[in-house]
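Each remark here refers to the structure printed beneath this line.
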Amino acid sequence: MRDTHGAIDAVWRIESPRLIAGLARMLRDVGLAEELAQDALVAALERWPEAGIPDNPGAWLMATAKNRALDELRRRKRLERKHEELGHLLEADRDAAALDLEAALDDEVGDDLLRLVFISCHPVLSPEARIALTLRLLGGLTTEEIARAFLVPEPTVAQRIVRAKRTLAEARVPFELPPGEELAARLSSVLEVVYLVFNEGYSATAGDDWLRPALCEDALRLGRILAELAAEEPEVHGLVALMEIQASRAKARVGASGEPVLLFEQNRALWDHLLIRRGLAALERAESLGGALGPYALQAAIAACHARARSPEETEWPRIAALYDALAQLAPSPVVELNRAVALSMAFGPAAGLELVDALVAEGSLEDYHLLPSVRGDLLAKLGRFDEARAELERAASLTRNARERTLLLERASACRR
């Protein structure tokens with residue numbers, strides 16, 4: 001029984017986006033599409049433990065959900081032409097009709113998924129709602145799983161999802177790809193949501209865990225789907241490249257007791273070279289599509305410099321600093337400047353980096369961002385200013401909400417005392 005439920009869960013994670021996307025195109029209602037998909041899941045939970053898992057479980061779920069969707073269409077007297085075409089089949093053999101309809105829709109399933117991605121990240125929704133709805137509809141996560149991942153109460157996540165679906169319905173958001181320039185703007189929102197999900201898994205902002213691998217895996221899966229559906233968009237491949245390369249370090253980023261292991265101290269033999277190769281291939285694809293590299297592709301190029309270095313000493317820091325210069329020109333932000341300061345310090349000495357960090361301190365926008373005093377503390381320590389370094393690292397520890405990171409920062413502060 002437990003094995004069957006585990007298999008059903010795995011099938012649901014894989015098939016639910018396709019299932020909801022196809023239903024949403026039929027019904028023009030994301031909320032109803034999700035309900036019918038959930039009904040199919042409940043049916044599987046009731047029948048599969050006794051009857052066994054079908055040879056093609058995805059097709060079984062699709063047929064079951066579409067049978068119910070056809071019932072709904074008949075009740076609501078929608079899509080009358082389709083009812084007339086399929087009426088005799090429905091009366092003769094409902095299961096066969098659903099499978100025929102599935103076959104008719106299969107050619108468009110890629111477009112359906114892409115539409116669902118853009119609907120989940122529609123600008124009428126708040127960023128928090130976009131993330132919750134994307135993980136629910138495309139990641140196949142439960143409300144409980146999303147709440148646990150982002151350390152917010154489950155009712156809060158449930159409300160966000162309900163309100164998001166209501167907002168989409170009230171705004172009468174069409175189930176279609178946005179036109180022209182609007183598509184490019186919306187794609188940026190889609191990529192941002194996927195990247196936010198990945199980052200939360202890669203460096204958890206709060207809680208007791210340094211990594212949340214499941215979130216990284218969900219973001220990677222969404223990115224890979226998007227790369228297939230929007231194959232001519234360089235930034236899609238840039239984001240996938242960045243996530244693949246970053247994810248390759250996952251095993252090396254955590255010690256035996258779950259403690260964080262920083263980049264320079266990682267055992268590079270533990271890096272996943274398959275993910276690195278995939279990331280480098282995605283970066284090459286982004287570059288081959290022509291034009292200047294976008295923000296994600298530039299960050300992927302920076303990650304590639306680390307991935308190609310067999311040891312920290314072999315890292316091409318001048319190239320990384322130049323790439324950060326380009327990124328700062330293209331997508332200026334205080335966080336990019338902080339990362340550029342680290343690159344400058346590695347390429348040209350800690351004093352060069354400290355000058356930029358001190359400018360950020362004076363500017364004030366990162367006042368409560370724990371990585372600013374963390375970086376400043378490291379640079380001060382390299383310059384032999386240990387008392388100042390200790391104070392900065394202790395301040396960084398007081399600002400972080402992640403327990404593992406706080407412990408690491410306090411250990412580094414204590415080392416300055418010694």
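The values are calculated or read from the model by the stated rules, or taken from the named source; none is laboratory data. The shown structure was predicted, so the numbers you read here are calculated from the model rather than taken from an experiment. All Cβ positions, even for glycine, are placed from backbone atoms using ideal geometry, and neighbour counts span all protein chains on display. The protein model used for the area step is the full one, side chains on, heavy atoms only, and it has no ligands, DNA or RNA in it. Shrake-Rupley method; radii C 1.70, N 1.55, O 1.52, S 1.80 Å.
Here are the numbers for this structure:
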| read-out | value |
| --- | --- |
| Label-point separation in nm, residue 382 to residue 268, each point 7 Å along Cα→Cβ | 1.7 nm |
| Using distinct alpha-carbon pairs, which all enter the 1/r mean, Kirkwood radius of the stretch 327-413 in Å | 12.9 Å |
| Lys pairs, the chain - Cα-Cα below 24 angstrom, 8 or more residues apart or on other chains | 4 |
| Exposure rank, largest accessible area first [66, 382, 251, 165; 1.4 Å] | 251, 382, 165, 66 |
| For the stretch 328-334, 3J(HN,Hα) per residue [Karplus equation, 6.51 cos²θ - 1.76 cosθ + 1.60, θ = phi - 60°, Hz, x = Gly/Pro] | 5, 6, 7, 9, x, 6, x |
| Accessible area of the stretch 290-402 divided out per residue, in Å², using a probe of 1.4 angstrom | 48 Å² |
| Percent of Cα pairs exceeding the 31 Å cut-off, where the set is the chain | 47 percent |
| Among 51, 292, 63: highest mean-square fluctuation, GNM of the chain, C-alpha pairs under 10 Å | 51 |
| Dipole magnitude (debye, nearest 20) for the chain, charges at Cβ of Lys, Arg, Asp, Glu | 740 debye |
| Shape call, the stretch 277-366: gyration tensor on alpha carbons, a/c limit 1.5 | oblate |
| Rg over Rh, two decimals, the stretch 128-189 (C-alpha only, Kirkwood Rh) | 1.04 |
| Area accessible to solvent at residue 61, 1.4 Å probe radius, in Å² | 0 Å² |
| Carbon and sulfur %, accessible surface of the chain computed with the full protein complex present, 1.4 Å | 51 percent |
| Residue 9 paired with residue 50, simple spin-label distance in nm, labels 7 Å along Cα-to-beta-carbon | 2.4 nm |
| Dipole-positive endmost among 58, 384, 307 within the chain (Cβ charges, Cα centre) | 384 |
